[in-house]
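Q: Starting off with a structure, shown below.
The values are calculated or read from the model by the stated rules, or taken from the named source; none is laboratory data. Quick caveat: nothing in here was measured; it's all calculated off a predicted structure. In this analysis, Cβ positions are derived from the backbone assuming ideal geometry, glycine residues included, and neighbour counts consider all displayed protein chains. The protein model used for the area step is the full one, side chains on, heavy atoms only, and it has no ligands, DNA or RNA in it. Shrake-Rupley method; radii C 1.70, N 1.55, O 1.52, S 1.80 Å.
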Amino acid sequence: MTFKSLGIIDPILKALDAKGYTDPTPVQEQSIPILLNGNDLLGCAQTGTGKTAAFAIPIIQQLYLNKHQDSKGRRKVRALIVTPTRELAIQIGENFTTYAKHTGIENTVIFGGVKQHSQVKRLRAGVDVLVATPGRLLDLMNQGFISLKDVEYSVLDEADHMLDMGFIHDIKKIIAKLPHKRQSLFFSATMPPEIVKLSGKILGNPQKVTIEPEKTTAEKVEQSIYFVSKKSKIKLLIHLIQENKVNTAIAFSRTKHGANKIVKQLQKAGITSAAIHGNKSQGARQLALSNFKKGELKVLVATDIAARGIDVSELEYVFNYDLPNIPETYVHRIGRTGRANASGTAISFCDSEERPYLKDIEKLIGERIPKIDEHPFVDDNEEVSSTPKKQQNNRSQKSSNRPRKDNNPEKKRENPYSRKRRIARENSRSSE
Ligand code: AMP
């Protein structure tokens, strides 16, 4: 299968060729014919599968073949792509620019956290394709700078993340402003019931494309888990980076503060790194990312939200410094490595409080993550619980391996599934 045999027109083929895309990826192979046929699409695919080109190419092609401008020759927004983060928005914009290079189709990207002036100026000049994060889009719509009345193609990207990030309310408002007659595309890496419900509100009679279910993506990556105490995690991270001569890695921290602390320690150890998270300015995040891509930084330390959409080809390692409490997030994270045909390594740390998270992750991916027993910072607690003999020697029969009732950290923590349901409930409540 080639892009040409999918019916892609020459000006786009030329751009794909220059980009070095020889064959379509599976999501492209399946989605492009559906979209060129004018059907709605429900895509279950995550970042890394080539899904951006899967929707960008047919949209550009249809816009190109159907060029029209208003009487003053000004371009109108005919395609709208809504995506949860600015990083993702910027990358989608870059993709459109690349594939549309020889078509004259123009795009712009808008997102929050920066002044709106230059975005408004660009919008006033007229664009065909608008890539936006939900908050800024609504804001500029409310100020009268954007009209969606000419939109013919709408894409909701990373819908599950939108929901996790509490954007459901904004999304519904945006959808309400779209013309009824349009082609709608909806992408999500996971399809929990709330997402299926949302897609039903947006799509007409969609064709479905499912690529790389989460499990198979996880299988492509070499995974391992280290049981380690919270306080030894940083030493273990430094040790593994040095021992494996890591050149490119993303380390995931649960909190922004935690990410800053990790960077400080890595730098002390002579490992070049930078943090990207919501408290960093857009400029600082972009600079960190471009330095990382240039190879000037070995490690990016990121929170989940900031890392969404980061596309670094040939990322060697993903470190789960903190395990995520939502199991799907684990799959998203490790999907940052092992992209396309590259193989990748995902190393996870698990302290005693994170054990329930590990259980949920293994349940989701349907396999046990291989445990590395031999390392210099083995968690003593783990040794005790995994070797009953020692335990019996060390402890009286009465103080059994079960944690004491009132002291059991697991009891105090909210079950991740309940948490997801609660977030979804809160989100849907806020949208009423
Ligand atoms: P995405 O899932 O859209 O984030 O794409 C993941 C990566 O795959 C990006 O770096 C794209 O540039 C790349 N890519 C997309 N389509 C192709 C293709 N047909 N051949 C090679 N690389 C591709």
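Q: Which residue, of F377, F349, is open to solvent by less than 60 Å² (accessible area, probe 1.4 Å), modelled with pLDDT of 85 or more and in contact with a His (Cβ under 8 Å, 6 or more places away or on another chain)? Before you say what the answer is, go through the steps one by one.
A: Working: F349 fails: in contact with a His (Cβ under 8 Å, 6 or more places away or on another chain).
Being open to solvent by less than 60 Å² (accessible area, probe 1.4 Å), modelled with pLDDT of 85 or more and in contact with a His (Cβ under 8 Å, 6 or more places away or on another chain) holds for just one of F377, F349, which is F377.
Q: Something else: Among the residues of the range 85-93, is any within 9 Å of the ligand (Cβ to nearest atom) and in contact with a strand residue (DSSP E or B) (Cβ under 6 Å, 6 or more places away or on another chain)? I'd like the intermediate steps shown before the answer.
A: First, pick out the residues of the range 85-93 that are within 9 Å of the ligand (Cβ to nearest atom): 88, 91-92.
From the residues that got through so far, the ones that are in contact with a strand residue (DSSP E or B) (Cβ under 6 Å, 6 or more places away or on another chain) too are 92.
Yes, because at least one residue in the range 85-93 is within 9 Å of the ligand (Cβ to nearest atom) and in contact with a strand residue (DSSP E or B) (Cβ under 6 Å, 6 or more places away or on another chain).
Q: Can you find a residue in the range 245-256 that is in a helix (DSSP H, G or I), of a type outside the set (G, A, S) and open to solvent by less than 70 Å² (accessible area, probe 1.4 Å)? Talk me through it step by step, then tell me what you get.
A: Within the range 245-256, the subset in a helix (DSSP H, G or I) is 256.
From the residues that got through so far, the ones that are of a type outside the set (G, A, S) too are 256.
This time we only want the ones that are open to solvent by less than 70 Å² (accessible area, probe 1.4 Å), so: none.
Within the range 245-256, none of the residues are in a helix (DSSP H, G or I), of a type outside the set (G, A, S) and open to solvent by less than 70 Å² (accessible area, probe 1.4 Å).
Q: Moving on. Hey, could you check the range 26-59 for residues that are more than 7 Å from the ligand (Cβ to nearest atom) and among the β-branched types (V, I, T) and say which is nearest to the chain's Cα centre (by Cα)? Explain how you work it out, then say what you get.
A: Taking the range 26-59 and keeping what is more than 7 Å from the ligand (Cβ to nearest atom), we get 26-27, 29-46, 54-59.
Filter again for among the β-branched types (V, I, T), leaving 27, 32, 34, 57, 59.
Details: V27: 17, I32: 22, I34: 24, I57: 21, I59: 22 Å.
Looking at residues that are more than 7 Å from the ligand (Cβ to nearest atom) and among the β-branched types (V, I, T), I get V27.
Q: Looking for whichever is open to solvent by 10 Å² or more (accessible area, probe 1.4 Å) and polar (S, T, N, Q) here; the options are S188, S184, S224. Which one fits? Quick ask: steps written out before the conclusion?
A: Values: S188 fails: open to solvent by 10 Å² or more (accessible area, probe 1.4 Å); S184 fails: open to solvent by 10 Å² or more (accessible area, probe 1.4 Å).
Going through S188, S184, S224 in turn, the sole match is S224.
Q: Quick one: is V77 crowded, with 18+ Cβ neighbours inside 10 Å, more than 15 Å from the ligand (Cβ to nearest atom) and hydrophobic (A, V, I, L, M, F, W, C)? Before the answer, list the steps.
A: Details: crowded, with 18+ Cβ neighbours inside 10 Å: yes; more than 15 Å from the ligand (Cβ to nearest atom): yes; hydrophobic (A, V, I, L, M, F, W, C): yes.
Against the criterion (crowded, with 18+ Cβ neighbours inside 10 Å, more than 15 Å from the ligand (Cβ to nearest atom) and hydrophobic (A, V, I, L, M, F, W, C)), V77 qualifies.
Q: Now for a separate question. In the range 287-300, how many are open to solvent by 60 Å² or more (accessible area, probe 1.4 Å) and without any contact (Cβ under 8 Å) to a residue 40 or more places away in the chain? Let's see the steps before the verdict.
A: Taking the range 287-300 and keeping what is open to solvent by 60 Å² or more (accessible area, probe 1.4 Å), we get 287, 293-294, 296, 298.
Now restrict to residues that are without any contact (Cβ under 8 Å) to a residue 40 or more places away in the chain: 287, 293-294, 296.
Selection size over the range 287-300: 4.
Q: Also, I was wondering about something else. Is it the case, given these coordinates, that H68 is open to solvent by 50 Å² or more (accessible area, probe 1.4 Å), more than 11 Å from the ligand (Cβ to nearest atom) and modelled with pLDDT under 95? Before you say what the answer is, go through the steps one by one.
A: Numbers: open to solvent by 50 Å² or more (accessible area, probe 1.4 Å): yes; more than 11 Å from the ligand (Cβ to nearest atom): yes; modelled with pLDDT under 95: yes.
Judged against the criteria, H68 is a match.
Q: Also, I was wondering about something else. Against the definition (closer than 18 Å to D128 by Cα and part of a loop (DSSP other than H, G, I, E, B)), how does K4 come out, yes or no? Give the derivation first.
A: Numbers: closer than 18 Å to D128 by Cα: no; part of a loop (DSSP other than H, G, I, E, B): yes.
When the stated conditions are applied, K4 does not pass them.
Q: In the range 10-25, which residue that is in contact (Cβ under 8 Å) with a residue 40 or more places away in the chain and near the ligand (Cβ under 10 Å from one of its atoms) is nearest to Q61 (Cα to Cα)?
A: The extreme case among them is L16.
Q: Looking at I262, I238, I174, which is the one that is part of a helix (DSSP H, G or I), open to solvent by 10 Å² or more (accessible area, probe 1.4 Å) and either assigned by TED's automatic domain parsing to the domain that holds L300 or under 26 Å from T52 (Cα atoms) (or both)? Break it down into steps so the answer makes sense when it comes.
A: Values: I262 fails: open to solvent by 10 Å² or more (accessible area, probe 1.4 Å); I174 fails: open to solvent by 10 Å² or more (accessible area, probe 1.4 Å).
Exactly one residue qualifies, and that residue is I238.
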